[in-house]
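Novice: Below you will find the structure I want to go over with you.
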Amino acid sequence: SMMEKANGEKMVVAVVEPKDKGIAIGKNGRNIEKTRQLAKRYFGIEHVIIA
C-alpha cells in the first residue's frame, strides 16, 4: 500500500509471504535496491518497505 508522510514523502509497503521475503529482498539486498531506485525514478517514491 502507498502512504504519504507528513513531510510529503511517498512510501510504499509491499506485503510479501514470509517464504518469499528472501526473493523479494534478493542476495545482498540487490532486488529491493533496484526496486527502490525504479520507484524513486518513475514514481517519486522515497521509501519501499518489505513487510
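FYI, it's all coordinate maths here, none of it is from the lab. Keep in mind the model is a prediction, meaning the values are calculated, not measured. Every residue, glycine among them, receives a Cβ derived from its backbone with ideal geometry; neighbour counts consider all protein chains shown.
Novice: Take MET3 and LEU38, extend 7 Å from each Cα along the Cα→Cβ direction, and tell me the distance between the two endpoints in nm.
Specialist: 2.4 nm
Novice: Give, rounded to the nearest 20 debye, the magnitude of the charge dipole that the chain has about its Cα centre when Lys and Arg contribute +1 at Cβ and Asp and Glu contribute -1 at Cβ.
Specialist: In total the dipole reaches around 220 debye.
Novice: Tilt of helix 30-43 relative to the longest C-alpha principal axis of the chain, in degrees (0 to 90, nearest 10)?
Specialist: 20 degrees
Novice: Within the chain, report the trypsin sites (Lys or Arg not before Pro) that DSSP leaves as loop and that have at most 16 other Cβ atoms within 10 Å.
Specialist: Sparse-neighbourhood loop trypsin sites (Lys or Arg not before Pro): LYS5.
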